[in-house]
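The values are calculated or read from the model by the stated rules, or taken from the named source; none is laboratory data. Computed from a prediction, not measured in an experiment: that's the story for all the values here. For neighbour counting, all protein chains shown are included, and Cβ atoms are generated from backbone atoms with ideal geometry for every residue, glycine included. Surface areas here come from the heavy atoms of the whole protein model, side chains and all, with no ligands, DNA or RNA. Shrake-Rupley method; radii C 1.70, N 1.55, O 1.52, S 1.80 Å.
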Amino acid sequence: LLPLAALAQSAPPPDAPVGGQSVDPPGRVARLNYMAGTVTTEQAGAADWSYASVNRPLTTGDQLWNDANARSELHIGSTAVRLGSSTNLDILNLDDSNAQLKVTQGTLSTHVRDLAPGSAYEIDTPNVALAVTRPGDYRVDVAPDGSTTTVTVRRGAMTAYGDSGQMPLAAGQQLTFSGTNLQVAADDQPPPPDAFDQWAEARDAAAERSISARYVSREVPGYEDLDANGTWRDDPQYGEVWVPRAVPAGWAPYHDGHWAWVAPWGWTWVDDAPWGFAPYHYGRWAYAGSSWCWVPGPVVSAPPVYAPALVAFVGGGGRDFNWSVGLSIGGASAPGVAWFPLGPGEVWRPSYGGWSPRYYERVNQTVIVNNQHINNINNINITNIHNTYVNYRAPGAVTAVPAAAFVQGRAVAHVAQ
């Protein structure tokens, strides 16, 4: 292996724009965390639909389709969004303070646990735009032909907007709108919960009981899957850490999954494990006590900031990335790429993107160096944090694959060397 590059995102694809981009990427994404039945997606900029995969981040421009008898669930921070049978969802806008979703047909149920001051959450349909104004529980049913929208407010409050103005909706209301002028076709009380509502309520109740919420912000997508798939322990060096259960001998993070280019962040790790979101986009990994553990870092008041993959690549250099890890495949030399997980106290600072110093400060806000929070990343020289990366020589930490397999998004476990 060649000398380490201190940059974690130094590998733009062959068709990436030269010079990256100057606008900071959002610090928030949606995570698809549950599917039952056939769920497909059309990613932003793509021309074809494909089968959806759990743990791939969703952002502005992405669409989801639930087939007949399918269900799915995604999280935007602590907000749960659940889709019923024969439902189409379009993510019109998703950034640090705005979430705008569109349902053209089908059923959407959403549990809004918290609504930060200055933030906006809007659900659009062919008939009405619905702005959530308080935490609560809401359901939106759109007719298959888009002719009507039924809005059920079980808890909370929202405002409906149409061509002719606006209308407040309060808890205990169910209104059916037709056309686009806020024409009320029916005004009723919410009916008893049906099977879809009961399923949503059960999942919300399980999340409220989460042990992991003691150690991880509820705004971190994926915290709700940690309880069932691992245990928390108090490590003398790192504090509270999470250890995955049922992993094979020799297991290491960033090995069972694949890489995907997701704009605007760049190369993004998509893990295969049902719990494989929070530990790969927030916090750091450490090898302690003869096993790998996830170190979430301190829970801070600022919103957590998503990172595409908290790794360091081996080899390469800036935007002129070289597939410079030498592999031997079938006796022939071939270019490859290798990486390993960043450890506690190691700053993630990708080269691709040209983003502002403020973004790097925010994305590393839970990193502690010498027992102090990083306040200004410009004052941190990444090469001086450790003489070597803490995980570089940990068992199984470094994973290498052929360059072609990396770019093609092939399953890493099948091609790793």
Subset of the range 316-343, residues at pLDDT 65 or above and surrounded by 15 or more Cβ atoms within 10 Å (Cβ to Cβ), comes to 325, 327, 334, 335, 336, 337, 338, 339, 340, 341, 342, 343
The lone condition residue 289 fails out of (1) open to solvent by less than 10 Å² (accessible area, probe 1.4 Å); (2) touching a strand residue (DSSP E or B) at 6+ places or on another chain (Cβ under 9 Å); (3) at positive phi is (1)
Checked against (1) open to solvent by 30 Å² or more (accessible area, probe 1.4 Å); (2) at negative phi, residue 246 satisfies every condition except (2)
Cβ pairs under 7 Å, 6+ apart or interchain, first in the range 166-191 and closer than 14 Å to residue 125 by Cα and open to solvent by less than 50 Å² (accessible area, probe 1.4 Å), second among the polar types (S, T, N, Q) and not in a strand (DSSP E or B), ordered by first then second residue, are 177/127; 178/127; 178/147; 179/127; 182/164
In the range 118-137, residues that are farther than 16 Å from residue 95 by Cβ and outside any strand (DSSP E or B) total 7
Residue hits (the range 137-169; more than 20 Å from residue 87 (Cα to Cα) and within 31 Å of the chain's Cα centre (by Cα)) are 154, 155, 156, 157, 158, 159, 160, 161, 169
All conditions in (1) over 26 Å from residue 193 (Cβ atoms); (2) without any contact (Cβ under 8 Å) to a residue 24 or more places away in the chain are true of residue 135 except (1)
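Those residues that are in a strand (DSSP E or B) and open to solvent by 20 Å² or more (accessible area, probe 1.4 Å), I need them from the range 219-234; list them, please. Full working, then the answer.
Taking the range 219-234 as the starting set, the residues that turn out to be in a strand (DSSP E or B) are 230-234.
Of everything in the range 219-234, those that are in a strand (DSSP E or B) and open to solvent by 20 Å² or more (accessible area, probe 1.4 Å) turn out to be 231, 232, 233, 234.
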Tell me, please, whether a residue that is out of contact with any strand residue (DSSP E or B) (no Cβ under 8 Å at 6 or more places or on another chain), assigned to a loop (DSSP other than H, G, I, E, B) and surrounded by fewer than 15 Cβ atoms within 10 Å (Cβ to Cβ) can be found in the range 152-163. yes
Within the range 74-106, the residues that are open to solvent by 40 Å² or more (accessible area, probe 1.4 Å) and either within 15 Å of the chain's Cα centre (by Cα) or under 18 Å from residue 129 (Cα atoms) (or both) are 92, 93, 95, 96, 97, 98, 100, 102, 104, 105
Residue 258 passes all but one of the listed conditions (1) assigned to a strand (DSSP E or B); (2) over 23 Å from residue 400 (Cα atoms); the exception is number (2)
